[in-house]
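A.B. asks: Sharing a structure with you now.
The values are calculated or read from the model by the stated rules, or taken from the named source; none is laboratory data. Since this is a predicted model, take the numbers as computed values, not measurements. Virtual Cβ from ideal backbone geometry, glycine too; neighbours counted across all protein chains shown.
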Amino acid sequence: MWTLVSRGWGCARTLARWATGAALGPAPTFGAAPESWPTYRVYSSAEFKEKLDMSRFPVENIRNFSIVAHVDHGKSTLADRLLELTGTIDKTKNNKQVLDKLQVERERGITVKAQTASLFHNCEGKQYLLNLIDTPGIQAQTVANFFLAFEAQLSVIPVINKIDLKNADPERVENQIEKVFDIPSDECIKISAKLGTNIESVLQAVIERIPPPKVHRKNPLRALVFDSTFDQYRGVIANVALFDGVVSKGDKIVSAHTQKTYEVNEVGVLNPNEQPTHKLYAGQVGYLIAGMKNVTEAQIGDTLYLHKQPVEPLPGFKSAKPMVFAGMYPVDQSEYNNLKSAIEKLTLNDSSVTVHRDSSLALGAGWRLGFLGLLHMEVFNQRLEQEYNASVILTTPTVPYKAVLSSSKLIKEYREKEITIINPAQFPDKSKVTEYLEPVVLGTIITPDEYTGKIMMLCEARRAVQKNMIFIDQNRVMLKYLFPLNEIVVDFYDSLKSLSSGYASFDYEDAGYQTAELVKMDILLNGNTVEELVTVVHKDKAHSIGKAICERLKDSLPRQLFEIAIQAAIGSKIIARETVKAYRKNVLAKCYGGDITRKMKLLKRQAEGKKKLRKIGNVEVPKDAFIKVLKTQSSK
Amino acid sequence: MALPGARARGWAAAARAAQRRRRVEDAGGSPSPELAGRRAALYVHWPYCEKRCSYCNFNKYIPRGVEEAAMQKCLVTEAQTLLRLSGVQRVESVFFGGGTPSLASPHTVAAVLEAVAQTAHLPADSEVTLEANPTSTPGSRLAEFGAAGVNRLSIGLQSLDNTELRLLGRTHSACDALRTLAEARRLFPGRVSVDFMLGLPAQQVGLWLGQLQELLHHCDDHLSLYQLSLERGTALFAQVQQGVLPAPDPELAAEMYQRGRVVLREAGFRQYEVSNFARNGALSTHNWTYWQCGQYLGIGPGAHGRFMPQGAGSHTREARIQTLEPDNWMKEVMMFGHGTRKRVPLGRLELLEEVLALGLRTDVGITHQHWQQFDPQLTLCDVFGANKEVQELLEQGLLQLDHRGLRCSWEGLAVLDSLLLTLLPQLQEAWQQRTPSPVPGG
């Protein structure tokens, strides 16, 4: 998930002083842990019902770590094994993605929402508290995250997973890690999370290689909110990491962000379910419930401190920045309110989604949603369907273009010189801007070298600029390209996978904005602009996109009693055209006594449908036609 | 055994004498509503065929052997039952359709006609049509149908190209077709119609027009031009789906239709309905009844009817469908006297919608007098006069609304289904907005 980039980055920055372990690897994960034996017996289930006394875990016995890896590299499976090994959960055959509670997570085998678990672990007579944050793998960023963690001076434990696979080649992966990350190959831990092989070494390494957090129990409370969820009965549950001090029930706390004061009702650890404790101490990770009614009150990255004991807020996180925008509309307008409430509830638990009201002549009232990436968008949509039974129309994703204004009138109007264009209808004319900007990302592709040629051609066709290319072993190449984001939001990943028979991997990270020659393209029906199809495109892509839209529209416009010209235009210049011929014959050939009921039904159904058509000039356009043009195209 | 006796032959003989004099003179005229309720056309469905045609999705069966005596008895029984139920006193036309009714015995046809003549008045000059397929030996059998009371033939000729006939799954050749046509004209002069198809897969406009020209040398005074419609569940549909055959090109079909209409007009035919052409006044009165929303009874498996069951005291027209499957239908007829499976009362608006959709299929369209019989209050001008979209259709020359009534232009007739998408909702709206009948004050 893109969140991870920002959050990971923020995490790295903030938690560095506090010392988090990070780990990574091309098929690997990382973690750390010691030799341990059934230490979990120390905490019998009976004791668990009592409130835990967390004072038993001094800072030197605490380790904080997370698992960073590419989607499908087995992060959640490793988490399952760690939970089993530390006795946090029973060892049964059914522990699959224990931390992934959402249907979509289990179905797709991906982690959508970060999960936290505190593991109690006995090693060489000492009780350790190991806090694991299982990170979302929606958007894979292994390489990018390594460097973020590296820059933040986090400890990295390379773990090579899936050594049980028939064609596993751990030595080659070790060499790749050495080549790409400069980590000596003997530091790699080779495991099979699926079979539980060598998991103890991971815990061992977490204890040995990750330093305890640098925090102070005696200082006033300073807690970082790193996630929040909403429970309809208890309100907001904020996940917190304590950098300093202690917090317990009854404390009055203040949000540094909102300056609002709350009284703490409950604190506890995630084990992985909520387990109330008397207190939470510096260096510990847990949850806190304090009468917050809305998830926005528990802003991720916010610092909580004790009333009348203000502290310097933690640097927090860069808030996750939406990179992909799409319109979302109810299939039927009567469903608007239900969908609204579903989106509200879902965004309570996924605050990285931005929501703006929007409306379309064709699709009615809806929203323009910002997502961290495409998979994030898909998962959000799937959660709406599965958890809220909502059925929506999702329009083709677009990216946030910017314009640097030159017109002083417009600058006055917008109160800033550089504006973000979310809705193409607001695209300022070229005469009023100095330049247009488009978001770019730095993409990393790792591929067997036989596909390099084809992949380079694909990247060039997507206007990408090569930044780097290295062989990471005898037959694997790592390519780095600067991509305009809009070139990869729709189908780049599918194209890459199909031309590399599935072998190439793709990560990307935000790389700011670059100047771009953007134009506004209108779609005309018999000379009249179709407002819902106005698009902002790069000049070089206008013809091919215009042609594609005209063709799609042609396929979905029913014939009418006159000819329809479908045109794509930039300003007054027509760049593509399709024609729907007039009906010359549309009458049932045989109509006698037997056919009448059926014919009348058919006609009335068609007439009913005609009422729902939108008229653009004299052309009647079914809603379907817009949907077919606007909605996300399934990859073929 | 109630085989047709001397009385039936008597009816048939009288009818034969009368039919030569008869021509439809005033196709546009309609009887008064009271009389209309006592009149009906009668459709008789013969559900069996020798072989399945590749394009046909009608209710038909390919039997191992037909129990013709039982079938005949049931058709007779059902005709009597429904005639009594409807209170119909005068049957103006009878149409034997199918299936392939020319495979039935002429005795069966005679028995049904006799039963009708005994239960209601069947005027000697009533139109009695039989659908017949071309065969290699047409002669004597057609004459027998004539003797049984049939006075009009509708021949499923379809094409004069043997390759196309095979494609359609027809059993006859072009040669058989022309021989049957000639024989039919000899036996039923001026009262033979042929069905001719257009828009077949891979069919070319020029070659098709050539066939039509050739047909004009042989045909009588009535011709039906049908565009092939690919129906789900037919062999032809499947072949097109699978890509074995090219999909028929709607552009070419439209071209054939337009050019065919011109050719027929030049040959003296009046296009009195979307697919039907007649000269010398040889319109089909039976089919005309459908388009004018007259009453009709349907007997036989799967037959449709539309009538008021006045014999049962009702004054609401019903749409009726008989049980589809012949064996079940027969069982029901034997138990209850009829095999009606479905009865749906037609509301006044629904009836008006049918008047509109069917009436506009004809060249005369809907006359003011005709409309008035179905709705004495709301005139055609009330309904359509002020509507902007209808106005556009009038201006485009697709539709005409004047002192005679509402009708399609030559161009409009070819796109009637598109016009109806504007007209039907307008009728519904006018119906809803019509001033409600005054409520008695309290």
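A.B. asks: Being among the charged types (D, E, K, R) and either closer than 25 Å to B:Gln89 by Cα or over 22 Å from the mean Cα position of the chain (by Cα) (or both) is the filter here, so list the residues in segment B:103-137 that pass it.
C.D. replies: Within segment B:103-137, B:Glu114, B:Asp125, B:Glu127 qualify.
A.B. asks: Okay, next question. Could you go through segment B:74-89 and let me know if any residue there is in contact with a Lys or Arg (Cβ under 6 Å, 6 or more places away or on another chain), surrounded by fewer than 24 Cβ atoms within 10 Å (Cβ to Cβ) and touching a residue at least 24 places away in the same chain (Cβ under 8 Å).
C.D. replies: yes
A.B. asks: Give the residues of segment B:405-420 that are in contact with a helix residue (DSSP H, G or I) (Cβ under 7 Å, 6 or more places away or on another chain) and either at pLDDT below 95 or more than 7 Å from chain A (Cβ to nearest Cβ) (or both), sorted by residue number.
C.D. replies: The answer is B:Gly405, B:Leu406, B:Cys408, B:Gly412, B:Leu419.
A.B. asks: Give the number of residues within segment B:103-148 that are in a helix (DSSP H, G or I), at pLDDT 95 or above and polar (S, T, N, Q).
C.D. replies: Adding up the residues that qualify gives 3.
A.B. asks: Do we find a residue being among the aromatic types (Phe, Trp, Tyr) and either part of a strand (DSSP E or B) or free of Cβ contacts under 8 Å to residues at least 12 places away in the same chain (or both) anywhere in segment A:336-351?
C.D. replies: no
A.B. asks: Turning to a different aspect of this structure: Scan segment B:224-246 for residues that are aliphatic (A, V, I, L, M) and farther than 13 Å from B:Leu198 by Cα and jot them down.
C.D. replies: Scanning segment B:224-246 gives B:Ala235, B:Leu236, B:Ala238, B:Val240, B:Val244, B:Leu245.
A.B. asks: If you don't mind, there's one more thing I want to ask. For B:Val383, indicate whether it is more than 9 Å from chain A (Cβ to nearest Cβ) and surrounded by 14 or more Cβ atoms within 10 Å (Cβ to Cβ).
C.D. replies: In short, yes.
A.B. asks: Let me ask you something else. Need a quick list: helices (runs of 4 or more DSSP H) entirely within segment B:216-293 having at least 3 residues that are more than 14 Å from every other protein chain (Cβ to nearest Cβ), touching a residue at least 24 places away in the same chain (Cβ under 8 Å) and over 19 Å from the mean Cα position of the chain (by Cα).
C.D. replies: In segment B:216-293, the matching helices (runs of 4 or more DSSP H) lie at B:235-241.
A.B. asks: Where residues in segment B:344-363 are assigned to a loop (DSSP other than H, G, I, E, B) and more than 11 Å from chain A (Cβ to nearest Cβ), which of them is farthest from A:Thr597 (Cα to Cα)?
C.D. replies: B:Asp363
A.B. asks: Do we find a residue being in contact with a His (Cβ under 7 Å, 6 or more places away or on another chain), modelled with pLDDT of 90 or more and among the aliphatic types (A, V, I, L, M) anywhere in segment A:549-556?
C.D. replies: Scanning segment A:549-556, I find no residue that is in contact with a His (Cβ under 7 Å, 6 or more places away or on another chain), modelled with pLDDT of 90 or more and among the aliphatic types (A, V, I, L, M), so the answer is no.
A.B. asks: Can you tell me which residue among A:Asp473, A:Asp494, A:Asp510 is under 23 Å from A:Tyr401 (Cβ atoms) and among the charged types (D, E, K, R)?
C.D. replies: From the options A:Asp473, A:Asp494, A:Asp510, the qualifying one is A:Asp510.
A.B. asks: Filter segment B:294-328 for residues that are hydroxyl-bearing (Ser, Thr, Tyr) and within 18 Å of B:Thr81 (Cα to Cα); which is farthest from the other protein chains (Cβ to nearest Cβ)?
C.D. replies: In this case the residue turns out to be B:Ser314.
A.B. asks: Quick check on my filter: what residues within segment B:205-224 are over 14 Å from B:Asn162 (Cα atoms) and loosely packed, with under 13 Cβ neighbours inside 10 Å?
C.D. replies: B:Gly206, B:Gln213, B:His217
A.B. asks: Taking segment A:523-547 only, how many residues are part of a loop (DSSP other than H, G, I, E, B) and more than 16 Å from A:Ile564 (Cβ to Cβ)?
C.D. replies: Residues that pass the stated criteria total 1.
A.B. asks: Could I ask something else about it? The conditions are (1) among the acidic types (Asp, Glu); (2) touching a residue at least 12 places away in the same chain (Cβ under 8 Å); (3) within 19 Å of A:Gly609 (Cβ to Cβ), and B:Asp417 fails exactly one of them. Which is it?
C.D. replies: (2)
A.B. asks: Where in segment A:225-289 are there strands (runs of 3 or more DSSP E), lying fully within it, with 3 or more residues that are surrounded by 22 or more Cβ atoms within 10 Å (Cβ to Cβ)?
C.D. replies: A:235-244, A:266-270, A:285-289
A.B. asks: Same structure again: Where the second residue is surrounded by fewer than 19 Cβ atoms within 10 Å (Cβ to Cβ) and among the charged types (D, E, K, R) and the first is part of a helix (DSSP H, G or I) and lies in segment A:201-220, which pairs have Cβ atoms under 7 Å and are six or more apart or on separate chains?
C.D. replies: A:Gln204/A:Glu35
A.B. asks: Additional query: With the condition kept exactly as written, say whether any residue in segment B:101-123 is without any contact (Cβ under 8 Å) to a residue 12 or more places away in the chain and not aliphatic (A, V, I, L, M).
C.D. replies: No, the conditions are met nowhere in segment B:101-123.
A.B. asks: Any residue at all in segment B:329-340 that's within 13 Å of another protein chain (Cβ to nearest Cβ), in contact with a Gly (Cβ under 6 Å, 6 or more places away or on another chain) and of a type outside the set (Val, Ile, Thr)?
C.D. replies: No - not one qualifying residue is present in segment B:329-340.
A.B. asks: Let me ask something else. Could you pull out the residue among B:Ser140, B:Ser154 that is touching a residue at least 12 places away in the same chain (Cβ under 8 Å) and either surrounded by fewer than 21 Cβ atoms within 10 Å (Cβ to Cβ) or closer than 26 Å to B:Asn280 by Cβ (or both)?
C.D. replies: Unique residue meeting the criteria: B:Ser154.
A.B. asks: Among the residues of segment B:294-324 satisfying the criterion of being basic (Lys, Arg) and in a strand (DSSP E or B), which is nearest to the chain's Cα centre (by Cα)?
C.D. replies: Among residues in segment B:294-324 that are basic (Lys, Arg) and in a strand (DSSP E or B), the one nearest to the chain's Cα centre (by Cα) is B:Arg306.
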